[in-house]
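S.K.: Sharing a structure below in structure tokens format, with a few things to ask.
The values are calculated or read from the model by the stated rules, or taken from the named source; none is laboratory data. In this text, all values refer to a predicted model and were calculated from it rather than measured experimentally. Cβ: placed from backbone, ideal geometry, glycine included. Neighbour counts: every protein chain shown.
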Amino acid sequence: MMVWKRRLPRRTVLRGLGASIALPLLDAMVPALTDLRLTAAAPVKRLGVIYVGNGQNMPQYTPPTEGPLELSPVLAALAPFKERVLVASGLDSMRTYVQDGGPHPRAQTTYLTGVTPKRTEGRDIQAGLSMDQIAAQHFAAETQLASLELAIESTDLLGVCSLGYSCAYNNTISWRTPTTPLPMENNPQAVFERLFGASDSTNRQARLDDIQTNRSVLDSVSQEVVRLNKRVGATDRMKVADYLDSIRDVERRIQKAAQQVDQELPLVEQPSGIPATFEQHVRVMFDLFALAYQCDLTRVVTFLMVRELSQKAYTELGISEPHHPLSHHAGDPAKLKAIEKIGAYHVQLLAYFLERLRTIPDGDGSLLDHSLLLYGGGISDPNVHDHLNLPTVVVAGKPMGIATGRHVRFPKPTPWTNMQLTLLERVGVHVDQFGDSTGILTI
């Protein structure tokens, strides 16, 4: 017996005045089968990179044993996700080592490009096509946005940031071409606008005014939601309701942040919409990260959570010294302990994101099941600007085919770029060579 049902196109969007909202995968987007069963469409694979600069307290970061994963003090917050985590040691970024100063901008730029950046103080910057953008080119035809680039600290640095290196190298980790660094957005309101607002309007300020006066983008698509709910089943209606609740919650928090900025810091120069604390800021950016995946607006996201040379002081942890000067610890036990606390704090925020992905249904599993995430940075021991044995955490769902729940130590020399080559392969993007790579890793 044949079973027929009305099928929604995979790219269905809700449209309203000044807004368009893509939908997550619904049962109604999957063809009916002759045996009366619905099967989930083949889940898409997603790639995310989260960069944390200024190095780590490596003895407290590195798991104590190889094999089955025993989490270190810095990585302890990943315990609920241990079966999905691979910690890799022994990966070296040899392209970062040159004797011309500027180890921090080199580390940040080389991390995803595998190319030593050109030392310059002018506009003639040059690096390489970054790994995330190779993936973005592959997925571009499938999504509204080829990629999404996020940051926490301001990415408007100008001039020279470190020993002859342009600040352009410190503003991003993503490069569309060897001479085109992609801007990373640190204002959640602007990210929200890019994802959900003003797609049918050229007047950006009008949309900003709408949000600042508490008008939700969801209000303008409310009639579309009513019509959609008449066309889909109860399960799909629940999915849509949960998804729209997530959007509304993020939007509400962005609006609240804008109000707080206006009320408490009326003369502040930072754009409205940026939360008052680092933790609030990171969490709302992670929520936007998750929403971009959930509605399949993009499958590639990079997040510069902590840039190199960051001067943030983690007073919320009782640490008053700025991060970068603190990282040059000279073996001081107190400074090493502070670096450990900062590293563990960042991992706690990563765990928040992983839990968010785990709670969002996607096909026959969750967004976490169908995502491949890289968390790490381009410096290991910051005291000596070490680019060997980079701190590397991979979080992967089973469809990625990675044996997780382990700590793997690779033999020397193993290029860091082998990991990037491998991660691209696992999300379905084949590349013969990347930077100084020598082959696919066995993970």
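S.K.: If I go through the range 112-122 residue by residue, how many of them are in contact with a helix residue (DSSP H, G or I) (Cβ under 8 Å, 6 or more places away or on another chain) and of a type outside the set (Val, Ile, Thr)?
M.R.: 3
S.K.: Only one of (1) in contact with a Gly (Cβ under 9 Å, 6 or more places away or on another chain); (2) not in a helix (DSSP H, G or I) fails for residue 106. Which number is that?
M.R.: (2)
S.K.: Applying the selection to the range 411-440, what residues are under 14 Å from residue 91 (Cα atoms) and without any contact (Cβ under 8 Å) to a residue 60 or more places away in the chain?
M.R.: 421, 422, 438, 439, 440, listed by residue number.
S.K.: Against the condition surrounded by fewer than 24 Cβ atoms within 10 Å (Cβ to Cβ) and at pLDDT 90 or above, how does residue 133 come out, does it pass?
M.R.: Here the answer is no, as residue 133 does not meet what is asked.
S.K.: Can you say whether residue 329 is touching a residue at least 40 places away in the same chain (Cβ under 8 Å), in a helix (DSSP H, G or I) and closer than 28 Å to residue 90 by Cα, as far as the supplied structure shows?
M.R.: When the stated conditions are applied, residue 329 does not pass them.
S.K.: If you check 298, 235, which single one turns out to be of a type in the set (Ser, Thr, Tyr), within 18 Å of the chain's Cα centre (by Cα) and either modelled with pLDDT under 85 or under 30 Å from residue 365 (Cβ atoms) (or both)?
M.R.: Of 298, 235, the one residue that is of a type in the set (Ser, Thr, Tyr), within 18 Å of the chain's Cα centre (by Cα) and either modelled with pLDDT under 85 or under 30 Å from residue 365 (Cβ atoms) (or both) is 298.
S.K.: Can you name the condition, by its number, that residue 344 falls short on among (1) crowded, with 23+ Cβ neighbours inside 10 Å; (2) more than 23 Å from residue 433 (Cα to Cα)?
M.R.: Among (1) crowded, with 23+ Cβ neighbours inside 10 Å; (2) more than 23 Å from residue 433 (Cα to Cα), the lone unmet condition for residue 344 is (1).
S.K.: Kindly provide the set of residues from the range 389-419 that are in a helix (DSSP H, G or I), farther than 22 Å from residue 367 by Cβ and under 18 Å from the mean Cα position of the chain (by Cα), ordered by number.
M.R.: Passing the criteria: only 419.
S.K.: A further question follows. Of the residues that make up the range 359-367, is at least one touching a strand residue (DSSP E or B) at 6+ places or on another chain (Cβ under 9 Å) and without any contact (Cβ under 8 Å) to a residue 24 or more places away in the chain?
M.R.: Yes, there is a match, as at least one residue in the range 359-367 is touching a strand residue (DSSP E or B) at 6+ places or on another chain (Cβ under 9 Å) and without any contact (Cβ under 8 Å) to a residue 24 or more places away in the chain.
S.K.: Let me ask something else about it. Looking at residue 146, is it surrounded by fewer than 22 Cβ atoms within 10 Å (Cβ to Cβ), in a loop (DSSP other than H, G, I, E, B) and touching a helix residue (DSSP H, G or I) at 6+ places or on another chain (Cβ under 7 Å)?
M.R.: When the stated conditions are applied, residue 146 passes them.
S.K.: Is at least one residue of the range 304-318 of a type in the set (A, V, I, L, M, F, W, C), in a helix (DSSP H, G or I) and modelled with pLDDT of 75 or more?
M.R.: Yes, there is a match, as at least one residue in the range 304-318 is of a type in the set (A, V, I, L, M, F, W, C), in a helix (DSSP H, G or I) and modelled with pLDDT of 75 or more.
S.K.: Only residues that are of a type in the set (Gly, Ala, Ser), crowded, with 18+ Cβ neighbours inside 10 Å and assigned to a helix (DSSP H, G or I): list them for the range 71-89, please.
M.R.: Residue satisfying the conditions is 77 alone.
S.K.: Just need a number here: residues in the range 43-70 that are in a helix (DSSP H, G or I) and either of a type in the set (A, V, I, L, M) or more than 30 Å from residue 105 (Cβ to Cβ) (or both).
M.R.: Summing the residues that are in a helix (DSSP H, G or I) and either of a type in the set (A, V, I, L, M) or more than 30 Å from residue 105 (Cβ to Cβ) (or both) in the range 43-70 gives 1.
S.K.: Another question, then. Since residue 156 meets every condition but one in (1) surrounded by fewer than 21 Cβ atoms within 10 Å (Cβ to Cβ); (2) out of contact with any strand residue (DSSP E or B) (no Cβ under 9 Å at 6 or more places or on another chain); (3) in contact (Cβ under 8 Å) with a residue 24 or more places away in the chain, which condition does it not meet?
M.R.: For residue 156, the exception is condition (3).
S.K.: Is there any pair with a first residue in the range 395-406 that is closer than 14 Å to residue 368 by Cβ and a second that is among the hydroxyl-bearing types (Ser, Thr, Tyr) and surrounded by 21 or more Cβ atoms within 10 Å (Cβ to Cβ) whose Cβ atoms are under 8 Å apart and which are 6 or more apart or on different chains, and what are they?
M.R.: Close Cβ pairs satisfying both conditions: 395/371; 395/375; 396/371; 397/371.
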